[in-house]
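Have a look at the structure below, then the notes.
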Amino acid sequence: MRSISLFLLFFLGAFPVMSQNNFSEKLMLMGNQFEITVVAEDKDTASILIGLAVEEIKRIESLISSWDKLSQTSLINRNAGLFPVKVDLELYNLISRSIAISQLTDGAFDITFASMEGVWVFDGTMTSFPLKSEIEKFLSKVGYENIVLDDENHTVFLKNKGMKISFGGIGKGYAAYKAKKVLVDNKVVSGIINASGDLSIWGEQANGEPWKVAITNPFNNEGIFAVLPFSEGSIVTSGNYEKFTVINGEKYSHIINPKTGIPAQGIASVTIFSMNAELADALATAVFVMGKEVGLDRVNQLQDTECVIIDTEGGIITSSNIKID
């Protein structure tokens, strides 16, 4: 659901140079391009370590994928309105945390928004609004409040038939976090998991400098809005510039308000910085939906979390502890 909106720059002095001990591999995982970077002594060691991260990401995908008919997530969806489904504790806890983020964002983030899939199309073919009746029909199936969790039996029940959950707004962040954990557990002191723009970063480059992250200019996909040094945590951006449709001369992004079923307006991009990869992933979309004032206020109440908002007029709004020159 989220466009690629961040990319990495490896700097030595004024020009991008790949240190001989920074090793990277690009792969297609979870239907998206991942780039995994580790600092290691040699290429063979790096390849083994990256392989461990890849296997972990594939494991997460098999657990949370709503496209894999054999996944526990698909089983939950197929039995919506019928009966509870017992799931692994890991998936149960991820759903529980997702609900907590929904509560934190007043429903701007909602994993049941998967029930709206297909109402809007952002491949350039859509030229008119969906019918109001169609939006209302699918919205009746959206609502995190209708996910019933049983803490004792670890079951998940979607109250209404036709309800679905999907982890498109949090899954890549979770996978990046878990892949990073595997690498850290295997004594990798520095690296980056770039999950199609959802970044989990730790340590420093082999040359001792911080990693440098470039935030895309939302008004010029090939331009750079800012380059920031970063050594620990997660960075995620949501933007309106790669997946959108134009109706009656007005641009509508793929980021849709779960309460109204209408694309969010007024913001061009939101970049979240957080020590929590899941939260960063979810908030990047939620702040877009909540809007500048409410979104900024919510971020300012959170520890170890910051944001940069660029509105559709080019205005730049930042949270309390970020300064953009």
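All but one of (1) open to solvent by less than 10 Å² (accessible area, probe 1.4 Å); (2) modelled with pLDDT of 95 or more hold for Met290; which doesn't? The single condition Met290 does not satisfy is (1). Within the range 293-325, the residues that satisfy the criterion of being crowded, with 19+ Cβ neighbours inside 10 Å and of a type in the set (S, T, N, Q) are Thr305, Ser319.
Take the residues of the range 114-128 that are surrounded by 14 or more Cβ atoms within 10 Å (Cβ to Cβ) and more than 20 Å from the chain's Cα centre (by Cα): which is farthest from Ile262 (Cα to Cα)? Working first, answer last.
Residues of the range 114-128 that are surrounded by 14 or more Cβ atoms within 10 Å (Cβ to Cβ), as a first pass: 114-116, 119-120, 122, 126.
Imposing the further condition that a residue be more than 20 Å from the chain's Cα centre (by Cα) reduces the set to 119, 126.
Numbers: Val119: 10, Met126: 14 Å.
Restricting to residues being surrounded by 14 or more Cβ atoms within 10 Å (Cβ to Cβ) and more than 20 Å from the chain's Cα centre (by Cα), the top hit is Met126.
Screening Phe23 with (1) within 18 Å of the chain's Cα centre (by Cα); (2) surrounded by 14 or more Cβ atoms within 10 Å (Cβ to Cβ); (3) among the aromatic types (Phe, Trp, Tyr) gives one miss only, at (1). Of the residues making up the range 252-266, those that are touching a Pro at 6+ places or on another chain (Cβ under 9 Å) and not in a loop (DSSP other than H, G, I, E, B) are Tyr252, Ser253, Ile256.
Of everything in the range 293-317 that's among the β-branched types (Val, Ile, Thr) and in contact with a helix residue (DSSP H, G or I) (Cβ under 8 Å, 6 or more places away or on another chain), which residue is modelled with the lowest pLDDT? Restricting to residues being among the β-branched types (Val, Ile, Thr) and in contact with a helix residue (DSSP H, G or I) (Cβ under 8 Å, 6 or more places away or on another chain), the top hit is Ile317. Selection over the range 173-228 of residues that are in contact with a helix residue (DSSP H, G or I) (Cβ under 9 Å, 6 or more places away or on another chain) and of a type in the set (A, V, I, L, M, F, W, C) gives a count of 12. The residues on offer are Ile99, Ile111, and the sole one that is within 22 Å of Ser140 (Cβ to Cβ), surrounded by fewer than 20 Cβ atoms within 10 Å (Cβ to Cβ) and touching a helix residue (DSSP H, G or I) at 6+ places or on another chain (Cβ under 7 Å) is Ile99.
Which ones in the range 267-282 are assigned to a helix (DSSP H, G or I) and not charged (D, E, K, R)? If you could, list the steps in order and put the result at the bottom.
The initial filter retains those residues of the range 267-282 that are assigned to a helix (DSSP H, G or I), namely 277-282.
Those that are assigned to a helix (DSSP H, G or I) and not charged (D, E, K, R): Ala277, Leu279, Ala280, Ala282.
Out of curiosity, is Thr245 farther than 19 Å from Ser274 by Cβ, open to solvent by less than 10 Å² (accessible area, probe 1.4 Å) and either part of a strand (DSSP E or B) or touching a strand residue (DSSP E or B) at 6+ places or on another chain (Cβ under 9 Å) (or both)? It is true that Thr245 is farther than 19 Å from Ser274 by Cβ, open to solvent by less than 10 Å² (accessible area, probe 1.4 Å) and either part of a strand (DSSP E or B) or touching a strand residue (DSSP E or B) at 6+ places or on another chain (Cβ under 9 Å) (or both). Could you check the range 216-242 and list, in sequence order, the residues that are among the aliphatic types (A, V, I, L, M) and open to solvent by 10 Å² or more (accessible area, probe 1.4 Å)? If the condition is that a residue be among the aliphatic types (A, V, I, L, M) and open to solvent by 10 Å² or more (accessible area, probe 1.4 Å), then Ile224, Ala226, Val227, Leu228 are the ones that fit. Restricting the first member to the range 202-231 and to residues that are farther than 19 Å from Ile309 by Cα and hydroxyl-bearing (Ser, Thr, Tyr), and the second to residues that are in a strand (DSSP E or B) and open to solvent by less than 40 Å² (accessible area, probe 1.4 Å), the beta-carbon pairs closer than 7 Å and six or more apart or on different chains are Ser231/Ile201; Ser231/Trp211. Within the range 53-64, being open to solvent by less than 20 Å² (accessible area, probe 1.4 Å) and either of a type outside the set (A, V, I, L, M) or within 20 Å of Asp185 (Cα to Cα) (or both) holds for Ala53, Val54, Ile57, Ile60.
Within the range 152-204, count every residue that is open to solvent by 30 Å² or more (accessible area, probe 1.4 Å) and part of a loop (DSSP other than H, G, I, E, B).
12
To keep it simple, each residue is scored yes or no on (1) within 18 Å of the chain's Cα centre (by Cα); (2) free of Cβ contacts under 8 Å to residues at least 12 places away in the same chain; (3) closer than 28 Å to Glu145 by Cα.
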{"site": "Asn32", "(1), (2), (3)": "yes, no, no"}
{"site": "Glu35", "(1), (2), (3)": "yes, no, no"}
{"site": "Thr45", "(1), (2), (3)": "no, yes, no"}
{"site": "Lys58", "(1), (2), (3)": "yes, no, no"}
{"site": "Glu61", "(1), (2), (3)": "yes, no, yes"}
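Go through the range 283-325 and give me each residue that's farther than 24 Å from Lys251 by Cα, among the acidic types (Asp, Glu) and assigned to a loop (DSSP other than H, G, I, E, B). Matches in the range 283-325: Asp304, Asp325.
The values are calculated or read from the model by the stated rules, or taken from the named source; none is laboratory data. Just so you know, these numbers come straight off a predicted model, no measurement behind them. No Cβ is skipped: glycine too gets one built from the backbone with ideal geometry, and neighbour counts run over all protein chains shown. Ligands, DNA and RNA are excluded from the accessible area calculation, which covers all protein heavy atoms including side chains. Shrake-Rupley method; radii C 1.70, N 1.55, O 1.52, S 1.80 Å.
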